[in-house]
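Laboratory data are not the source of any read-out in this text; all were calculated from the coordinates shown. Remember, predicted model here, so these are calculated numbers, not experimental data. Note that we place each Cβ from the backbone using ideal geometry, even for glycine, and neighbour counts take in every protein chain shown.
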Amino acid sequence: MSAQQNAIDALIEEPGFIRQLGLFDWLWASVVLAATAWVFMQYGSNMDSYEIGILSLSAPGLIGLGWFWKAFRPYSLVVAALSLLGIWLYGGSYANAEAVFGLKFLFSSQSAIMWMSALFVMATVAYFGGLLANSQFTLQTASAITWSALVMGMTGLMVRWYESYLIDPEFGHIPVSNLYEVFILFCLLTGLLYLYYEGRYKNRSLGGFVLLVISAAVGFLLWYSFERDASKILPLVPALKSYWMKIHVPANFIGYGAFALAAMTSVAYLLKANGEQHNPQGLAATRLPSLDMLDDLTYKAISLGFAFFTVATILGAMWAAEAWGGYWSWDPKETWALIVWLNYAAWLHLRFSKGWRGIPMAWWAVVGLFVTLFAFLGVNMFLSGLHSYGEL
Amino acid sequence: MRKSHSNGSRLINFLGSMHLAISLLVVLAIASVIGTVLKQNQPYTDYQIKFGPFWFDMFRSLGLYDVYASPWFLAILAFLVISLTTCVGRNLPGILRELRHFRESIQEKSLRAMKHQLGMTSTLNSADAQSVAQRILAKQGFRTRIKTADGHTVIAGMKGAANHWGYLLTHIGMIVILLGGGILDNGSLGIRIAELQGKLKPETRNIAAADVPAISQLPADNSAFRGSVDIPEGSHANIIFLPVRDGYLVQHLPFDVEVKDFRVEHYSTGMPKSFESDLVIHDKDLPKPLATTISVNHPLVYKGLSIYQANFGDGGSLVKLHLLPFTSRYAAQDIDGKIFNDYNLSSSDRKYALELKDFRLYNINDMTQPDGSTKKQNVGPSITFKLRDETGQAMEYQNYMNPVPIEGRSYYVSGVRSSPADPFRYLHIPVDPKGTTDRFIRFLSDLQDEKLVQESALETTKTSMQQAKIDNTQVEDQVIKSMVSLTAIFARSGSQGIMDEITKRFPKEKQAAASEAFMKVLRAAMEAVYQHTLKQEGVTGEPSEADLAFFDDSLMAIDKLSEYGSPWLIQMKDFKQIEASGLQITRSPGKDVVYFGSIILSIGVFLLFYVAHRRIWVWIKPLDDGQSEVILAGSSNRNHPEFERYFEKLQSLFQKTIGQDKR
């Protein structure tokens, strides 16, 4: 009886969260903590209280993210290593961007972002190729290319951050201050969100759809940097010199990225639903994930996006209160942020309380992307207002 | 008790309905678009020009020029608050029940009908099965209730009830935000009510603040406002202006704001780095005046009022002006001026009023480099003024203080336009080798000197006729005469004057030939005069390439003088810049309320999405043989795919511990 009792006890025993963590989890935590401590010792004297606050919150944030999503750990380590390599190659002189091979062709921010762009487009092709050919190997390759694109893009942003200080210490700022930089951020966050869900659902068939949006963003990015010389690092205008920018902008782009993801899973949903109805043996009906999974993924992406968009808008209001003299001025950008928010709020209400699912909601999520796109780009292009960071 | 629907309950049903809520969200979104498409709060004259009288009045009566303060927009927001409140009120009892009730009285039938359920027979007796089940649920983090009745026991567990707090917090958060922002901070609502009561009337005239009547003024204890004021360096103010549709109100402040200094810091590229003002607050409640510095993103908060660096402009700079006449008949004149002041000028044939409008220390313009590329470059200080003649017509000028280099040559540049809607047309006066306008002015006055022109014409005609070996006094006379008259016309009215002369004197088919001949003669005459001008300056021998370029530039400038509209080139010789700091001053008592609502909303959103309310029931009935019958069932209000996986795990756990292979 006692042996049986023990066996039952062992089964019932639910290890606590901390006890579930393995060696690598603790290793990760110590690497992050060591890096944070090093940064603080090296640069702490130059930081103000907000920066110390941000640093001390980003350490647990990174540890948590690494524990929650294991694949994030090698990713961030590679990005850190390559960024440090890029910084080391600069050796304190911006002129090296053109002179040193490793910078000119790989890790200067411009080159790294070109690599990111090329790799994203290749990954899009590979994902669709793998889906059409039903080749797991090709799909795995596509995932690997996407990871590489994300590594190069993030490295590019990190190095760009350093470059801004190298050009002139007074210019230095986090690279989320203009349309060029936030487009890179958009590509990266959308890609990372996608890869997280790819790992979680163990399904690679949606990659092409999501990467299509990223490729479109890359297309814009290339046009913008070649045609408008947008990649040039310029100092911040006084209105953007605020610690709020560092948190408001990334939070916003998690929202935008998630809404883009939701729109593309909805496109897949519509294709699948259409395929099942009209051509049950066709590619769309057989190769794409189940409608339930697509629906669930769309919901998860929209709720993630909505949560972050809510926080980002509130942070934006708090920033506005400090910069413009009012937390809400009905400025076109603010108003369109509200419109995007109301749109997804209505979507979520229908799903929560009416239990709406299926084709109309998928269409709505697709339309939502266009509303979001207008808030993100259209406002800067067609309407004038206080948000002046991204004039086209 | 449940009676038929009364009107009241029908109204509550309507206000709390999901249909209304979703409709309101969509209507609010669409209404919000209007104000982003039509630029808000512009001067009414702009709208009049844009839409014409009919649509202008139509749009005005719809409140489209200030959509977000219009009654119908506020009504939508009010409806939203009512709908939200009704929803929360209606759902609250249900939610409280959900939070408190474990549903331990649930029937076997209901459990077996659930989507997630598993029935099994256990070798354990009911007491043991119950204790194991209880331990499992406790370890899984469920709070439990037990009920024994009619020969069976139900263990009801639940966790994640905070999800319902998510519902409450999001909706209450929105109500708090809307009330805080829409009522506490809504200055325009109070103004509108006072206007309807006839207690307040916005001022539309452009008059000094001291002259604004009491009906357009608001006392310092007004609870919420947002306005602005420009204060010159060294001055102070205790009022601000609140824009109201096409007018404004004067808002008194509970203290006095003095601007000591305003600064613009620049990056090495010339882009502005920071705008900041040194302020002193004078308040009788302060033991001594409060001195502080504000900048963009760093406002001052004092006595519940926030003072922001919003703008800047000229605050009445002092300028030394030199009026250089384009004709030797007028004397030059110097003026010690102050921006925003007017001066009467009487040194010319006509009387003018000089109105000084603006001074700018930096002008970062796109400049063409010698290699053809354009680069942003600071071309130094400029002054903007109007010259108004006796009829009231005014021309606007923008004159740069320093010579501006263009394609390797330097010019004094003056822009002129007759309407603010037009772009400036520029007069480029070439700079002589000494860096002055002397040569240009001398050349111009030489051209205006008939006797001198005659002499030069005689000389040059003689020389060229000798060279051509022609001897004909009649032709000579005629050439000289036309040289003199053409030069006079050109000096007076430019090439347009010459063209007028030609159209007057020749039939159409001969005009082209005549114009060519005229230009040749005119140019020869002016070259001769220019030789003379150079000689006076001490330049002898063949003119250099630079001298020839100067000649061409001078002709271009003289050609434009007739259209220039001013008998003088008004040069700024010196200045003392006095800037004005544009301050935005607000009182926003609802801000903290809105922030509180925002925090509630944020917490609520995450609870709503990332916490699922899960319930698990274990139903146990003892069987005759000492074994027991067990039903495991569960439900979740969110994230069903996740719950399905979880329930599978729980199921296998129950099978291994309680089911004991006896399935």
State the three equivalent ellipsoid semi-axes of region B:184-251, derived from the C-alpha gyration tensor as the square roots of 5 times its eigenvalues, in descending order and whole Å. 21, 14, 10
If you take each beta carbon of peptide B:15-26 and count the beta carbons of other chains within 10 angstrom, what is the mean? 3
Under Stokes-Einstein, with the Kirkwood radius over Cα pairs standing in for Rh, what whole-number D in µm²/s applies to region A:76-193 at 20 °C and 1.002 mPa s? 145 µm²/s
What is the percent of Cα-Cα separations in region B:69-192 that go past 24 Å? 52 percent
Per DSSP H run of at least 4 residues, take -39500 (n - 2.57); add these up for chain B, divide by its residues and hand me the 222 nm value, nearest 500 deg cm²/dmol. -13500 deg cm²/dmol
Please report, in cubic angstrom per residue, the volume enclosed by the convex hull of the alpha-carbon atoms of region A:225-309. 135 Å³
Can you pull out the GluC sites (Glu not before Pro) in region A:154-247 whose DSSP state is coil and whose Cβ has at most 10 other Cβ atoms within 10 Å? none
Please compute P(r) over all alpha-carbon pairs of region B:153-200, binned at 10 Å starting from zero, and give each bin as a whole-number percent. 22, 23, 20, 15, 10, 6, 4, 0
When the Kirkwood hydrodynamic radius is evaluated over all pairs of different C-alpha atoms of the protein assembly as shown, what value in angstrom, to one decimal, is obtained? 35.8 Å
Hey, could you grab the Kirkwood Rh for chain B? Inverse mean 1/r over distinct alpha carbon pairs, Å, one decimal. 34.1 Å
At q = 0.15, 0.18 Å⁻¹, what is the log10 ratio I(q)/I(0) for region B:109-261, with the Debye formula run over Cα points and no solvent? -0.94, -1.10
Could you give each residue of region B:303-310 its phi-based ³J(HN,Hα) in whole Hz, using Karplus coefficients 6.51, -1.76, 1.60 with θ = phi - 60°, and x for Gly or Pro? 6, x, 9, 10, 10, 10, 7, 10
What average count of beta carbons from other chains do you get within 10 Å of the Cβ of residues in A:318-331? 6
Using alpha carbon coordinates only, what is the Rg to Rh ratio of region B:14-123, with Rh defined as the Kirkwood radius? 1.38
Once you charge only the Cβ atoms, +1 for Lys and Arg and -1 for Asp and Glu, what is the size of the charge dipole of region A:260-392 about its Cα centre, to the nearest 20 debye? 380 debye
Placed amide H near B:GLY380: partners under 5 Å, 5+ positions off or other chain: B:ASN363
Per-residue average of other protein chain Cβ atoms inside 10 Å, peptide B:29-37 -> 6
For a quick protection proxy, order the peptides B:571-582, A:186-197, B:494-505 by their average other-Cβ count within 10 Å, most packed first. A:186-197, B:571-582, B:494-505
How large is the direction-averaged shadow of the alpha-carbon convex hull of region B:245-342, in nm²? 11.9 nm²
Based on the Cα coordinates of region B:48-112, what is the per residue volume of their convex hull in Å³? 143 Å³
The set of residues whose placed amide H lies less than 5 Å from the amide H of B:HIS116, leaving out same-chain residues fewer than 5 positions away, is B:GLY634
Binning at 10 Å from 0, report for chain A what percent of all alpha-carbon pair distances ends up in each bin. 5, 20, 30, 26, 13, 4, 1, 0
Going by amide H atoms built from the backbone, whose H comes under 5 Å of the H on B:SER317, apart from near neighbours? B:ILE339, B:ILE578
From the C-alpha coordinates alone, can you work out the Kirkwood hydrodynamic radius of region A:245-370, in Å? 15.6 Å
Around B:GLY313 (Cβ within 10 Å, Cβ-to-Cβ, excluding B:GLY313; K/R +1, D/E -1) the net charge comes to -3
Arrange the peptides A:265-275, B:331-341, A:8-18 so that the one whose residues have, on average, the most other Cβ atoms within 10 Å appears first. A:265-275, B:331-341, A:8-18
Segment B:GLN217-B:HIS152, extension gain: residue separation times 0.36 nm, minus the distance between their alpha carbons: 15.6 nm
Taking Cα atoms of region A:1-46, Rg/Rh with Kirkwood Rh, to two decimals? 1.44
Cβ under 10 Å from A:LEU139's Cβ, A:LEU139 left aside: what net charge do those residues give with Lys, Arg +1 and Asp, Glu -1? 0
Using the C-alpha atoms of region B:524-663, what convex hull volume per residue, in cubic angstrom, is computed? 419 Å³
Per residue of region B:104-119, in order, report the coupling 6.51 cos²θ - 1.76 cosθ + 1.60 (Karplus, θ = phi - 60°) as ³J(HN,Hα) in whole Hz, putting x for Gly and Pro. 6, 8, 4, 7, 4, 4, 5, 5, 5, 7, 6, 5, 9, 7, 8, x
Taking the highest mean first, how do the peptides A:55-68, A:110-123, B:174-187 order by number of other beta carbon atoms within 10 angstrom per residue? A:110-123, B:174-187, A:55-68
Using θ = phi - 60° and Karplus 6.51 cos²θ - 1.76 cosθ + 1.60, couplings along region B:637-651 (whole Hz; Gly, Pro as x): 8, 9, 6, 5, x, 4, 5, 4, 4, 5, 5, 4, 4, 5, 4
Taking the number of other C-beta atoms within 10 Å as the exposure measure, put B:ASP624, B:ASP477 in order starting with the fewest. B:ASP624, B:ASP477
